[in-house]
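Student: Would you mind keeping the following structure in view while I ask a few things?
All of the numbers you see were taken from the coordinates with simple rules; none came from a lab. Just so it is clear, the structure is predicted and the values come from calculations on it, not from any experiment. When we count neighbours, we look across all protein chains shown, and the Cβ atoms used for this are built from the backbone with ideal geometry, even at glycine.
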Amino acid sequence: MRVRSEAGFTLVEMLMVVAVLGIIIVPLTNAMFVGFRTSDRTARVLVTSADRQMLTNYLPPDALSATAATVDPAATGCLTADGTRVILLTWREWDGSPTEYASDYRLVPTGTHTALVRNRCVLTSMAEQVVVAHDVTAASASIVNGTVALTVTDSLSAQYTVSGTRRAA
């Protein structure tokens, strides 16, 4: 007499496996799609957060050093041709002889975005260039009673203002 092998799965067992896999896979698939949809926005939020920190690191010390500030696009002090001036801060320091310094904040087109760039100049020559905000839709500056304020609107339509008080001339 021949004995039949009991190897394999019954139809009921196969249906149970398919049902359990369906219960597991549906939420995982939904989580993946949510992650794909939100990852771009999350990355932009992180970049704008870092941009706010960068601007906070540079503008207040520049304003504190400055004896003069202007929003005039034709003002001299830092000879950079790129972009549109938002604010120019200038001052002199004594390094054995009087030395002119300037920080020129400009909106500069970079491909599909506009960046807020800080150009630091010594004796009207470029010494350093730093992007302080990567994806800017607008920026404006005001100078009131010695307080310099720079207001930036980013690509997420969030608006923030960083300010600093400049020293007396």
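Student: In sequence order, what are the phi-derived ³J(HN,Hα) couplings for segment 98-107 according to the Karplus relation 6.51 cos²θ - 1.76 cosθ + 1.60 with θ = phi - 60°, rounded to whole Hz, with x for glycine and proline?
Tutor: In residue order, the calculated couplings are x, 10, 7, 10, 8, 10, 10, 9, 9, 8 Hz.
Student: For the pair ASP40 and VAL144, what calculated FRET efficiency results from E = 1/(1 + (r/R0)^6), where r is the Cβ-Cβ distance and R0 = 30 Å, to the nearest 0.05? Mind dumping the intermediate values first?
Tutor: Working: r = 38 Å, r/R0 = 1.26.
FRET efficiency, VAL144 to ASP40: 0.20.
Student: Order 158-166, 129-137, 15-23 from most to least packed using the mean count of other Cβ atoms within 10 Å. Could the numbers behind the result be given before it?
Tutor: On the way: 158-166: 15.7, 129-137: 18.7, 15-23: 10.2.
The most tightly packed comes first, giving 129-137, 158-166, 15-23.
Student: Same structure again: Is segment 37-76 best put as rounded, prolate or oblate by its Cα gyration tensor, with a ≥ b ≥ c the root eigenvalues, rounded for a/c under 1.5, and otherwise prolate when a/b is larger than b/c, oblate when not?
Tutor: oblate
Student: While we're on this one: Given (i) 156; (ii) 185; (iii) 119, which label gives volume of the Cα convex hull per residue in Å³ as computed from the coordinates?
Tutor: Answer by label: (ii).
Student: Along segment 123-136, what does the Karplus equation 6.51 cos²θ - 1.76 cosθ + 1.60 (θ = phi - 60°) give for ³J(HN,Hα), rounded to whole Hz, x for Gly and Pro?
Tutor: After applying 6.51 cos²θ - 1.76 cosθ + 1.60, I find 6, 6, 9, 4, 10, 7, 9, 9, 7, 9, 8, 8, 10, 9 Hz.
Student: Quick check: the angle from helix 11-65's long axis to the longest principal axis of the chain, C-alpha only, nearest 10 degrees?
Tutor: Once rounded, one gets 10 degrees.
Student: Given a Förster radius of 30 Å and the C-beta distance between THR151 and LEU123 as r, what FRET efficiency does 1/(1 + (r/R0)^6) yield to the nearest 0.05? It would help to have the intermediate numbers written out before the result.
Tutor: Details: r = 30 Å, r/R0 = 1.00.
Once rounded, the FRET efficiency stands at 0.50.
Student: At 222 nm, what value in deg cm²/dmol follows for the chain if DSSP H runs of at least 4 each add -39500 (n - 2.57) and the sum is divided by all its residues, to the nearest 500?
Tutor: Values: 1 runs with 55 residues, N = 169.
Counting only the DSSP helices, I get -12500 deg cm²/dmol.
Student: What is the spin-label model distance, in nm, from ASN57 to VAL17 if the labels are put 7 Å beyond Cα along the C-beta direction?
Tutor: In this crude label model, ASN57 to VAL17 measures out at 5.5 nm.
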